[in-house]
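Just below is one structure, and these are the notes that go with it.
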Amino acid sequence: MGIFEKFKLGFKKSASTFASGLKEIIIKKEIDDKALNEIEDFLIQSDVGVTASEEIRNIIAEKKIDPNKNKVNEINLILKNYIIDLMSPLENESFFKIKNNLNAVLVSGVNGVGKTTTIGKIGKILKSNNNKVIFSASDTFRAAAIEQLENWAKKIDVEIIKSSQGSDPASVAYKAVDEALKNKFTHVLIDTAGRLQNKKNLMEEYKKIANVTKKIDPNAPHEVLLVLDATSGQNVINQVEEFNKIIPITGLIMTKLDGTAKGGILIAIAKKYKLPIIALGLGEKEDDLQIFKAEQFAEAFITTN
């Protein structure tokens, strides 16, 4: 199975729900002002965002769809091209390419988004590209998180720096970055505890983890990834906003797109923040993290089967 087929399969439930709903509106009607308003409303309800939905509506209106052509195909093509134009500049496949220098990667997000699993999957892709990877188990609040990351380290055969539950998360990150620099690792992936973006004490601790890495390398952390859960809908907008205030985000990963989540939220985020999109989580298997490609996302998004 090719990469695109895997992507389409993983994204099928989420994309199909959207594409089928849009088709229902288009297929029955002439594309007049009433239909355009319905399309715009449907896009907003699908979490595409007010700004993007309005822009797509206006493009469809200006296009003046030929009634003799297949309306569904014509509007799907407009939507596909809109997504590609918006999101192609946000691709960052180079994140996974082989590096010569140390990259300290801080991975953050609220509780339950799948950070630890995502780190394992990132590590697997990086290692397959001949990078030298080490994990930092800096989610010291949960013994289960340390154990989970340790299991991933064993599974993909990478080193891990850990401490006991309740240890200072920043000290674990410091040791991991120090070890990585001394032993010429290309990547240290730093797991962090899930924290609500409105909890000041937890966000201060998160900032401390980033700050201690700078003692070893002034440019660290070199990447700050925010993991988002597609099933959270509009809540993720606020998460991006608040996490970005603490430490500027350099990349996004969206998980749980294999359910009936409205994948449109990624379009809304792309429109509002224009942050690089690193990868999408499309399942529970270890190779279900797919490097983000705008064209694949757009093609899958408009596919009903």
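What follows is calculated from the coordinates using simple rules that are stated; it is not laboratory data. Nothing here was measured: the structure is a model prediction, and the numbers come from that model. Glycine also receives a Cβ, built like all others from the backbone with ideal geometry; neighbour counts cover every protein chain displayed.
See the values below:
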| quantity | calculated |
| --- | --- |
| Residue-by-residue Karplus 3J(HN,Hα) for region 54-59, coefficients 6.51, -1.76, 1.60, Hz, glycine and proline x | 5, 5, 5, 4, 5, 5 |
| Two-site label geometry, Glu147 and Glu62: point separation in nm, points 7 Å out along Cα→Cβ | 5.7 |
| The chain: angle of helix 71-87 to the longest principal axis, Cα-based, in degrees nearest 10 | 30 |
| Burial order of peptide ranges 200-209, 106-115, 65-74 (average beta-carbon count within 10 Å, highest first) | 106-115, 200-209, 65-74 |
| Region 22-132, Rg to Rh (Cα coordinates; Rh as Kirkwood inverse mean 1/r) | 1.18 |
| Under-5 Å amide H pairs with Ala104, H placed in peptide plane, nonlocal only | Val188, His222, Glu223 |
| Modelled FRET efficiency - R0 51 Å, Asp41 with Glu159, Cβ distances, 0.05 increments | 0.50 |
| Within straight-line cross-link reach of Lys28, lysines at Cα separation under 16 Å, skipping those fewer than 8 residues along the same chain | Lys69, Lys71 |
| Label point distance in nm, Lys28-Asn70, each placed 7 Å from Cα along Cα→Cβ | 2.1 |
| When each of Lys215/Lys245; Lys154/Lys208; Lys97/Lys272; Lys127/Lys274 is checked by Cα-Cα distance, pairs over 23 Å | Lys154/Lys208; Lys97/Lys272; Lys127/Lys274 |
| D (Stokes-Einstein, µm²/s), Kirkwood Cα radius, the chain, 1.306 mPa s at 10 °C | 79 |
| Extension reserve of the Asn130-Lys208 stretch, reckoned as 0.36 nm per residue once the Cα distance is removed | 25.0 nm |
| Amide H partners (placed H, <5 Å) of Ser138, local residues excluded | Asp191 |
| For the chain: relative contact order, % (alpha-carbon pairs under 8 angstrom, 6 or more apart) | 29 |
| Net charge of neighbours whose Cβ lies under 15 Å from the Cβ of Asn100, counting Lys and Arg as +1 and Asp and Glu as -1 | +3 |
| Cα-based Rg and Dmax for region 148-305, where Dmax is the largest Cα-Cα distance (Å) | 16.9, 52 |
| Reciprocal of mean inverse Cα separation for region 123-241 (Kirkwood radius, Å) | 15.0 |
| ³J(HN,Hα), Karplus 6.51/-1.76/1.60, whole Hz, each residue of region 29-44, x for Gly, Pro | 10, 6, 8, 9, 4, 5, 5, 4, 5, 5, 4, 4, 4, 5, 4, 5 |
| Residue-averaged 222 nm ellipticity for the chain, from DSSP H runs of 4+ at -39500 (n - 2.57), nearest 500 | -16000 deg cm²/dmol |
